[in-house]
Amino acid sequence: MRHYLPNGIQTGILCLQTSTLRLGILGLLKWVSGALSIPSLILAGMPVYVSQHEARALDQLEITGLLVALLPPVIFVVSYIWERRWQKSIMRRFQSNAILSGGPGELLRKSIVPGPHGRIDIYGATFAWTSPDINHWLVQSSLNQNSLPVELGSGFLAYSEQHTSERIRKLKEYAIAAKLQAGARIFNDNKIRLASNFEIAPIEKVTIEKTDYVSSLMTDQMAFQRILDQNTGEVLSDGQSSFLDVARNRRTLKPLGMTQTSNQIGVSTIAFTTDGAIPLVVQTHRNAQSGGTLAPSGSGSLDWDDATKVLAANDLWEIVKFGAARELLEETGISDKLDAHEFAKNNIRIYGFARMIHRAGKPEFFCVATIPFTLREINQMGVSRAERHFTNRTQTNDGRPLDKTIDPAKEISRVCKFYSDKSNIEIIINSPIQLSYPLSHGLDLLSEAVMFDGVGDQLATFVAANLKG
């Protein structure tokens with residue numbers, strides 16, 4: 001059998017299929033430089049079948065071509081060594097100190113963070129502001145398919161030209177180096193920033209604008225860390241003034257519209273299958289957030305592309321639900337089985353909102369979804385190769401599913417409490433593991449939402465309608 005690989009993209013595909021490191025490097029370099037040929041790969045000793053035309057080209061290969069082929073690998077190795085040395089030098093120069101060694105409990109004792117309209121929920125070292133009034137309004141709006149108009153802001157980049165200074169440049173270097181040293185993969189994708197207040201319901205209109213992931217690294221992921229340049233003594237970030245009003249050791253969470261943080265919108269989804277189970281997702285250690293923990297069925301931050309694909313609707317709820325659908329379908333491996341737009345419209349409802357104080361008050365929406373497959377069917381579908389770098393779905397069916405014969409609201413509450421118990425989860429996956437903040441808070445808020453007067457039963461009925469058998 002002959003494989004004709006006319007360009008580096010197809011060579012890259014082959015390297016993914018073979019998992020051969022040498023072929024992977026050469027294929028990637030060919031993609032980038034266009035300098036390598038298939039005959040060069042054969043010279044390198046790789047078992048790749050070629051056409052007769054390529055075999056003739058191999059016989060005519062000149063030494064110059066081989067030297068050109070060897071140049072990119074040399075550049076790759078030199079760049080890798082330089083990057084590692086750069087990371088080490090940055091981490092030696094800058095120092096990060098936690099502002100409050102006592103964690104969330106110490107902060108709450110010294111602050112009025114909750115304010116008059118909400119409360120603080122604590123999960124270990126993570127904690128968030130939420131409001132039952134906001135969440136009740138969210139459930140009602142989502143069930144009624146109401147819209148929330150959006151307007152576009154000017155954009156927010158923590159390192160933009162108007163913010164450019166030596167301090168900002170050094171903070172950017174530190175933020176990137178620290179994340180790389182932790183083993184996380186960084187992709188500077190464009191994200192959606194919530195740029196207007198979202199603390200008191202009802203809300204008539206919101207402002208969103210473009211931000212990016214590096215801006216998140218420089219702002220909300222620096223919460224409660226004091227970053228110091230040890231060479232000059234300059235404080236690059238105090239870890240709190242960008243999102244907290246601080247007076248006499250009392251801290252108040254600023255409204256979203258007044259913060260100087262990326263405020264990239266996150267979304268976490270609890271999904272139920274037709275047999276009443278919740279698909280569980282284990283985040284790999286390569287995940288920049290919640291690595292090594294158990295996460296909701298779908299979770300992540302909204303990409304700017306999510307907004308552009310549904311922006312014509314001029315509705316924040318459309319954007320949130322579409323982004324939730326994209327994340328959920330990708331992480332459960334069914335993105336090629338269902339249309340994200342239709343799934344968002346028919347199978348997803350929003351039930352909660354929180355501001356993650358450990359992430360500088362970053363906004364997070366919580367959704368519930370119904371999946372038209374059983375858990376066994378989902379487990380038989382493989383997630384994409386790219387997604388496997390960040391998530392591993394469990395392959396068990398030992399959780400306690402919803403019972404269709406029992407009151408839906410009480411049954412959903414029971415299942416949420418079951419999954420909130422870490423000991424139950426460890427039995428299911430047969431391994432010790434921590435629950436991520438989005439999963440813990442998402443389960444608690446869903447258990448609370450199905451008990452809301454007037455709308456809780458409707459939300460529970462929406463979930464129960466998907467059950468079969």
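Things to note:
- Per this entry, residue 68 is not counted among residues that are modelled with pLDDT of 70 or more and either assigned to a helix (DSSP H, G or I) or over 28 Å from the mean Cα position of the chain (by Cα) (or both).
- Complete set of residues in segment 170-193 that are acidic (Asp, Glu) and not in a helix (DSSP H, G or I): 189
- A single member of 137, 129 is under 19 Å from residue 363 (Cα atoms) and assigned to a helix (DSSP H, G or I), and it is 137.
Each row is one residue, and each column tells you yes or no for (1) among the polar types (S, T, N, Q); (2) modelled with pLDDT of 75 or more; (3) touching an Asp or Glu at 6+ places or on another chain (Cβ under 8 Å); (4) over 30 Å from residue 439 (Cα atoms).
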site: 40; (1), (2), (3), (4): yes, no, no, yes
site: 72; (1), (2), (3), (4): no, no, no, yes
site: 119; (1), (2), (3), (4): no, yes, no, no
site: 133; (1), (2), (3), (4): no, yes, no, no
site: 145; (1), (2), (3), (4): yes, yes, no, no
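- In segment 200-235, the residues that are part of a helix (DSSP H, G or I) and not polar (S, T, N, Q): 213, 214, 217, 218, 220, 222
- Residues that are aromatic (Phe, Trp, Tyr) and either surrounded by fewer than 24 Cβ atoms within 10 Å (Cβ to Cβ) or part of a helix (DSSP H, G or I) (or both), drawn from segment 318-352: 322, 343
- Some residue of segment 235-257 being under 21 Å from residue 358 (Cα atoms), β-branched (Val, Ile, Thr) and under 25 Å from the mean Cα position of the chain (by Cα): no
- Failed criterion for residue 78 (all others in (1) at pLDDT below 60; (2) among the β-branched types (Val, Ile, Thr); (3) exposed (fewer than 11 other Cβ atoms within 10 Å of the Cβ) hold): (1)
- Of the candidates 196, 262, 242, 268, the single residue that is buried (at least 22 other Cβ atoms within 10 Å of the Cβ), touching a residue at least 60 places away in the same chain (Cβ under 8 Å) and not in a strand (DSSP E or B) is 262.
- Pairs, first surrounded by fewer than 17 Cβ atoms within 10 Å (Cβ to Cβ) in segment 402-431, second among the acidic types (Asp, Glu) and part of a helix (DSSP H, G or I), C-beta under 7 Å, six or more apart: 403/411
- Inter-residue pairs, beta-carbon under 8 Å, first closer than 13 Å to residue 320 by Cβ and in segment 342-354, second in a strand (DSSP E or B) and of a type in the set (S, T, N, Q), 6+ apart: 348/269; 352/130; 353/130
- Test: residue in segment 362-370 that is assigned by TED's automatic domain parsing to the domain that holds residue 133, more than 24 Å from the chain's Cα centre (by Cα) and at pLDDT 90 or above: no
- For segment 235-263, residues that are acidic (Asp, Glu) and over 19 Å from residue 98 (Cβ atoms) total 1.
- Residue within segment 148-169 that is surrounded by 12 or more Cβ atoms within 10 Å (Cβ to Cβ), part of a strand (DSSP E or B) and not aliphatic (A, V, I, L, M) present: yes
The values are calculated or read from the model by the stated rules, or taken from the named source; none is laboratory data. Keep in mind that this is a model prediction, so the values were computed, not measured. Glycine gets a Cβ as well: all are built from the backbone with ideal geometry, and neighbour counts include every protein chain shown.
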